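Working notes, structure below.
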Amino acid sequence: MNNNGKLSKRVWTGILLFMFMGLLAWNVENMYFNTFLNDCVYNEGILGASLTLTDAVNIMVTLSAITAVVTTFIMGTLSEKLKNRKAFISFGYIAWGIITALFGFITKDNVAKIFGLTEPGEIITATAWVVIVMDIIMTFMGSTSNDSAFNAWVTDVTTPESRPKVETASTFMGFLAMALIMVVGGMATAGTISYSVFFIGMGAFVAIVGVAGVFLIDNPKKFENAEKKNTSYWADLFYGFRPSVVKKNSGLYLVLSAFCIFNIAFQVFFPYLIIYLTDVILPANADINLLSAGVIVPAVISVATIIAGIVILMKVAVNNKPVAFLTSSILLIAGLFILSTSTHIMTIVIGIAPVLIGYLVLTIQLGASVRDYTPQDNVGLFQGIRMVFTVLIPMVVGPTLGNIATKNTSGAEDVLPTKAIFLYAGVVAIFLIIPMIALIKNMKKEKLSK
């Protein structure tokens, strides 16, 4: 970082490269482990399996979230204690990529041979559990390298002036990563390439970036002359739960509370989104020409609206975050309720605009606010707390609500996600207004005290 607060080209390269590959890896997990279960494990029906598809997805997401948070607490605190982000990032990404590649070798035939199974239901259940356990291992490596070390490193090397730019880059890199994964993953779901090639290829790229990190990433300068702390590792591990720490950093915990509800709403539908689009939306609109002017023109208008809305609200946020926060929240809520009304393609086109505007602006601004409110001398100690609010609670509560919504509204034997997942998400998002108002009051109070 330069003396004027601007980030150097090398730092920007490290941020963008590791951010992008991390987002690719997380999107593989969040979007295509679910479709892998649907296409390669449950592709012949339940056949006596003790787990339904949505049960398996729900369990996988829940256990992954718990693993991510526990790992981030342990490894985030450890990286702070050892004063070495570089090793955790670089070698963590290498291991993360290797584990991702191993998913390419998971098949029902291989599982049946390893465990000596012959009954179809037992094979399906065992394969589902192998995927779940492997996802836990992958999450451990991803959280070690990305959630704890890399996120702390980004906070270490940025300033309040540069963080909105970094969060904006993160959000758009997230969409770029999602788009790329959907293209390549779409080839896997369509059978153009095998899931084995997909997982092995993605894993290889993540591991290569880890190798690059050995030469590209430097430990933050704050570690060079840092005084040795007398606190124990275990005391540091639970630092963020102390009432005195919560009271002293009330702004941080308000931001995290808002982020928590926001992510719960998102997680109600996101784990089931690809399955919903491919197995529900596309069949429901099979008689509609998606390339017709009647669909393309509204879609273009929707995209233009999304871009304009994001630009306007981001400009508003520079001088008036409260207005940007509330407007984005209302748009998100409205869009989710629109998506819950119908599976028709035009409903999707109309509803997606306010959802994406609200999602993007809130992700950028809440993410930047979390970094701003995080005490700079103890960044690593707060990574676990951040994960409790942004990952653990949302990924336990959200998918469970989505599963309940599906089971309460699906009449099929092979349960598929329904439009009710957006209704439940919209109801959850309403509660976002409560911490948002408290956060706005806190911001005004801090502004007056300066």
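Any read-out appearing in this document is the output of simple, stated calculations on the displayed coordinates, not a laboratory observation. The structure displayed is predicted, hence computed values, not measured ones. Methodologically, a virtual Cβ is constructed for each residue, glycine included, from the backbone with ideal geometry; neighbour enumeration extends over all protein chains shown.
Scan around Ser162 for amide H atoms under 5 Å from its own, H built in the peptide plane at 1.01 Å from N, and keep only partners 5 or more places away or cross-chain.
Residues meeting the criterion, in which the H sits 1.01 Å from N, do not exist here.
Placing +1 on the Cβ of each Lys and Arg and -1 on the Cβ of each Asp and Glu in the chain, which of Leu23, Ile99, Leu416 has its Cα farthest towards the positive end of the resulting dipole?
Leu23
Once you treat every alpha carbon in the chain as an equal point and sum by Debye, what is log10 I(q)/I(0) at q = 0.08, 0.12 Å⁻¹?
-0.46, -1.08
Using +1 at the Cβ of each Lys and Arg and -1 at the Cβ of each Asp and Glu in the stretch 240-450, identify which of Phe269, Val396, Ile430 lies farthest towards the dipole's positive end.
Result: Ile430.
Apply the Karplus parameterisation 6.51 cos²θ - 1.76 cosθ + 1.60, with θ equal to phi minus 60°, to every residue of the stretch 385-395 and state each ³J(HN,Hα) to the nearest whole Hz, in sequence, with x for glycine and proline.
For the stretch 385-395, the Karplus-derived couplings read 4, 4, 5, 4, 7, 9, 10, 4, 4, x, 7 Hz, x marking Gly and Pro.
Full extension from Arg10 to Val133: what is 0.36 nm times the residue separation minus their Cα-Cα distance, to one decimal in nm?
Values: separation 123, 0.36 × 123 = 44.28 nm, distance 3.68 nm.
Taking 0.36 nm per residue and subtracting the Cα distance, the gain is 40.6 nm.
For the stretch 182-189, what does the Karplus curve 6.51 cos²θ - 1.76 cosθ + 1.60, with θ = phi - 60°, yield as ³J(HN,Hα) per residue in whole Hz, taken in order and with x for Gly and Pro?
These are the phi-based 3J(HN,Hα) values: 5, 5, 5, x, x, 5, 6, 5 Hz.
At 222 nm, what helix-only mean residue ellipticity would the chain give, in deg cm²/dmol to the nearest 500, using -39500 (n - 2.57) for each DSSP H run of four or more?
On the way: 20 runs with 319 residues, N = 450.
Helices in the chain give a 222 nm mean residue ellipticity of -23500 deg cm²/dmol.
To the nearest 20 debye, what charge dipole does the chain have about its Cα centre, counting +1 at the Cβ of each Lys and Arg and -1 at the Cβ of each Asp and Glu?
On the way: 29 positive and 24 negative charges, 463 e Å.
The dipole of the chain has a size of about 2220 debye.
Give me the extension gain from Asn84 to His344: residue separation times 0.36 nm, minus the current Cα-Cα distance, reported in nm with one decimal. Intermediate values should be presented prior to the final figure.
Working: separation 260, 0.36 × 260 = 93.60 nm, distance 5.16 nm.
The span from Asn84 to His344 would gain 88.4 nm if fully extended.
How large is ³J(HN,Hα) for each residue in the stretch 364-369, as worked out from phi by the Karplus curve 6.51 cos²θ - 1.76 cosθ + 1.60 (θ = phi - 60°), to whole Hz, x for Gly and Pro?
Once rounded to whole Hz, the list reads 5, 6, 5, x, 5, 5.
Quick one: which of 204-210, 331-337 comes out on top by average Cβ neighbours within 10 Å, and what's the full order, highest first?
331-337, 204-210
By how many nm would the segment from Leu17 to Ile301 lengthen if fully extended, with 0.36 nm per residue of separation less the alpha-carbon distance?
99.0 nm
Compute the Rg/Rh shape ratio of the stretch 1-237: radius of gyration over Kirkwood radius, all on alpha-carbon atoms.
Looking at the stretch 1-237, the ratio lands at 1.03.
Compare Val28, Val355, Val300 in a GNM of the chain, Cα atoms joined below 10 Å, and give the one with the largest fluctuation.
Val300
What's the ranking of 127-138, 288-299 by average number of surrounding C-beta atoms within 10 Å, highest first? Provide the component values of the computation, followed by the final result.
On the way: 127-138: 19.4, 288-299: 11.9.
Ranking the peptides 127-138, 288-299 by packing returns 127-138, 288-299.
What percent do you get for the relative contact order of the stretch 285-386 when only Cα pairs under 8 Å and 6+ apart count? Kindly include the intermediate steps, with their values, before the conclusion.
Working: 82 pairs, mean separation 29.1, N = 102.
Relative contact order comes out at 29 percent.
Once the Cα gyration tensor of the stretch 241-387 is found, what semi-axes does its equivalent ellipsoid get, as square roots of 5 times the eigenvalues, in whole Å, sorted largest first?
Three semi-axes, in Å: 36, 18, 11.
Under 5 Å between amide hydrogens, which residues at least 5 positions from Ile217 or on another chain qualify, with H placed 1.01 Å from N in the peptide plane?
none
At R0 = 45 Å, how high is the FRET efficiency between Glu161 and Val197 if r is their beta carbon distance? Nearest 0.05 is fine. Could the numbers behind the result be given before it?
Working: r = 43 Å, r/R0 = 0.96.
For R0 = 45 Å, the calculated efficiency reads 0.55.
Looking at the calculated P(r) for the stretch 1-117, what percent of the C-alpha pair distances fall above 16 Å? Intermediate values should be presented prior to the final figure.
Working: 5018 of 6786 pairs.
Counting every Cα pair in the stretch 1-117, those more than 16 Å apart make up 74 percent.
Can you tell me which of 183-190, 30-37 comes out highest on packing, and rank the rest after it, using the mean Cβ neighbours within 10 Å?
Put in order of decreasing packing, that is 30-37, 183-190.
Regarding the stretch 335-450, what's the average projected area of the Cα-atom convex hull, expressed in nm²?
On the way: hull surface 37.4 nm².
Mean orientational projected area (the stretch 335-450, Cα hull): 9.4 nm².
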